[in-house]
Amino acid sequence: MEMAISFHILWGVAILISVVLGFHSSAVTGNVERSIHYNWGTQHSEILGTGDDDATLVLDQTSGSGIESKRSFLFGSVEMLIKLVPGNSAGTVTAYYLYSGGEKHDEIDFEFMGNKSGQPYTINTNIFTQGGGGREQQFKPWFDPTADFHNYTIHWNPSHVVWYVDNIPIRVYRNYENETIPYPSKQAMRVYSSIWNADSWATRGGLVKIDWKKAPFIARLRRFRARACKYDGPLSISKCAAPTPLNWWSSPPYNQLNSAELDKMKWIIKNYMIYDYCKDLKRFRGLLPGECFKPQY
């Protein structure tokens, strides 16, 4: 009993330190300019280098654009403030996601599917493991995502993935690898954000196309933070996953949602979820993925 109490006290001290300092030696936190670079569409996008660390993602008839973090990570929290394209953005998609690369890639997605003026965006979340995806849950926002910046955070640890919007959890995907259900636990991922032409499917299944008269379509980014474990090779897998006090993302408080977070998420699901792959029997011909039969939070 004394050992257990001492262990939890040690966790508490480590968590307090991480809150006070904001990050530890294996984490990256800072501005957009220092932490990311454009990997396509640089001809008409820019990092402004202002005090607010603004960057722009631009889509016109010549190209979209995208950014990529300079480092790869394995577990932790990554966050970005994003202000989405205002007005008629039908057919466009602005994305913010983690991606490992490779044919059998892991990926954790936020995708913001555009709309015609006066219609809400769709927030699409998805997760890929070993190249397999198809795990979408979609939500309508309870705010105007084009009027101001909002915080989109992906928390990823050996126990679960949580998608947050303005610190409110909207989705959880738990690790059931021990029951042969895939989970992204062994591939490091970089952080990406991009905007592109997706009018073949993004708005009403592709029925509404991009109105290029409204171009350019501009999304704005601010304050990228990766409070996450730096990946420096295969030895990092065990280091980043180790249940140690310094790996705060794997500490007991971060391995499951607390009661207040659960209440908020259930409220979001009840009032704003518009699609859940685990309820789409027609799509899977009655054979739903294994995780759909497991508790998710």
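Specify the angular offset, from 0 to 90 degrees and rounded to the nearest 10, of the alpha carbon long axis of helix 2-21 from the longest principal axis of the alpha carbons in the chain.
Relative to the chain, helix 2-21 is tipped by roughly 40 degrees.
By what distance, in whole Å, do the Cα atoms of the chain stretch along each of the three principal axes, largest value first?
68, 50, 37
Got the relative contact order for the chain handy, in percent, Cα pairs under 8 Å and 6 or more residues apart?
26 percent
Which links in 264/294; 140/214; 186/209; 140/239; 213/282 stretch past 32 Å when you go from one Cα to the other?
186/209; 140/239; 213/282, as the Cα separations exceed 32 Å there.
Using a simple charge model, +1 on the beta-carbon of Lys and Arg, -1 on the beta-carbon of Asp and Glu, nothing else, what dipole does the chain show about its Cα centre, in debye to the nearest 20?
Dipole magnitude for the chain comes out near 420 debye.
Where does the longest stretch of the chain lie that holds no GluC sites (Glu not before Pro) found in a DSSP loop with 14 or fewer other Cβ atoms within 10 Å?
104-297
Using a Gaussian network model of the chain with C-alpha springs under 10 Å, which one of 89, 69, 200 is most mobile by mean-square fluctuation?
Of 89, 69, 200, the most mobile in the Gaussian network model is 200.
Taking the Cα atoms only, what angle lies between the long axis of helix 259-272 and the longest principal axis of the chain, rounded to 10 degrees?
Taking the Cα atoms of the chain, the angle to 259-272 is about 20 degrees.
Sort 129, 62 so the one with the fewest other Cβ atoms within 10 Å of its own Cβ comes first.
With the fewest neighbours first, 129, 62 line up as 62, 129.
Going through the range 132-194, which trypsin sites (Lys or Arg not before Pro) have at most 15 other Cβ atoms within 10 Å and a DSSP loop state?
Here the sparse-neighbourhood loop sites are 186.
Where a number appears in this text, it was derived from the coordinates with a stated rule and is not lab data. Quick caveat, the model's predicted, so the values are computed rather than measured. Neighbour counts are summed over all protein chains in view; Cβ atoms, including those assigned to glycine, are modelled from backbone coordinates with ideal geometry.
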